[in-house]
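S.K.: Could you have a look at this structure, given as structure tokens, before my questions?
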Amino acid sequence: QVQLRESGGALVQAGGSLRVSCAASGSIFSFNTMAWYRQAPGKQRELVARIIYGGTTNYVDSVKGRFVISRDNAKNALYLQMNSLQPEDTGVYYCYLQQVGRDYWGQGTQVTVSS
């Protein structure tokens, strides 16, 4: 069983920065993929950034150069540093983990960017 708990969501002004975190607990294996997804009101959930165990990262085009995903394998933690935030970055940010062919999701943390 795996549990994911996000934290750090907040209301910020456009142009500001925010870091959201995810703490993973339970049966965490070494080789896995972790990611951040977000869901804006009335829209489908979308992949924002992904990082595999070795550190390779991928980003959706809209956040490249502004967001940085990172992980601390010793702490089973995942982070998303978000800079130059824009109103279109508003949404619920979900932590995701995939291991041994199974997918796990956190409950999400709300990020709201005001113009």
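S.K.: Search the stretch 13-24 for residues being assigned to a strand (DSSP E or B) and more than 16 Å from ALA74 (Cα to Cα), and hand back the single one that is least open to solvent (accessible area, probe 1.4 Å).
M.R.: VAL20
S.K.: When you go through (1) part of a loop (DSSP other than H, G, I, E, B); (2) open to solvent by less than 80 Å² (accessible area, probe 1.4 Å); (3) among the polar types (S, T, N, Q) one by one for GLN107, which number turns out not to apply?
M.R.: (2) is the only condition that GLN107 fails.
S.K.: Restricting to the stretch 25-37, and then to whatever is of a type in the set (Gly, Ala, Ser) and surrounded by 11 or more Cβ atoms within 10 Å (Cβ to Cβ), can you tell me which residue is farthest from the chain's Cα centre (by Cα)?
M.R.: Of everything passing the filter in the stretch 25-37, GLY26 is farthest from the chain's Cα centre (by Cα).
S.K.: Considering the stretch 33-74 alone, what residues qualify as being without any contact (Cβ under 8 Å) to a residue 12 or more places away in the chain, out of contact with any strand residue (DSSP E or B) (no Cβ under 7 Å at 6 or more places or on another chain) and either under 23 Å from GLN3 (Cβ atoms) or not in a loop (DSSP other than H, G, I, E, B) (or both)?
M.R.: Once the filter is applied, which keeps residues that are without any contact (Cβ under 8 Å) to a residue 12 or more places away in the chain, out of contact with any strand residue (DSSP E or B) (no Cβ under 7 Å at 6 or more places or on another chain) and either under 23 Å from GLN3 (Cβ atoms) or not in a loop (DSSP other than H, G, I, E, B) (or both), the stretch 33-74 yields ASP61, ASP72, ALA74.
S.K.: Would you check if GLY15 is on the phi > 0 side of the Ramachandran plot, in contact (Cβ under 8 Å) with a residue 12 or more places away in the chain and within 11 Å of the chain's Cα centre (by Cα)?
M.R.: no
S.K.: Determine which member of the set ARG66, ARG5 is basic (Lys, Arg) and out of contact with any helix residue (DSSP H, G or I) (no Cβ under 9 Å at 6 or more places or on another chain).
M.R.: ARG5
S.K.: Tell me, which residue of the stretch 38-65 that is touching a Phe, Trp or Tyr at 6+ places or on another chain (Cβ under 9 Å) and of a type in the set (D, E, K, R) is least open to solvent (accessible area, probe 1.4 Å)?
M.R.: ARG38
S.K.: (1) in a strand (DSSP E or B); (2) more than 19 Å from THR112 (Cβ to Cβ): which one isn't true of SER30, the others all being true?
M.R.: (1)
S.K.: I've got another one for you. Would you mind finding the one in LEU85, LEU80 that is open to solvent by less than 70 Å² (accessible area, probe 1.4 Å) and either more than 14 Å from the chain's Cα centre (by Cα) or charged (D, E, K, R) (or both)?
M.R.: Step by step, each of LEU85, LEU80 is checked, and only LEU85 is open to solvent by less than 70 Å² (accessible area, probe 1.4 Å) and either more than 14 Å from the chain's Cα centre (by Cα) or charged (D, E, K, R) (or both).
S.K.: So which residues in the stretch 1-12 are more than 15 Å from LEU85 (Cα to Cα), within 14 Å of the chain's Cα centre (by Cα) and either part of a loop (DSSP other than H, G, I, E, B) or not small (Gly, Ala, Ser) (or both), if there are any at all?
M.R.: LEU4, ARG5, GLU6
The values are calculated or read from the model by the stated rules, or taken from the named source; none is laboratory data. Since the structure is predicted, the reported quantities are computational estimates derived from the model, not experimental observations. Methodologically, a virtual Cβ is constructed for each residue, glycine included, from the backbone with ideal geometry; neighbour enumeration extends over all protein chains shown. For accessibility, only protein heavy atoms count, side chains too; no ligands or nucleic acids. Shrake-Rupley method; radii C 1.70, N 1.55, O 1.52, S 1.80 Å.
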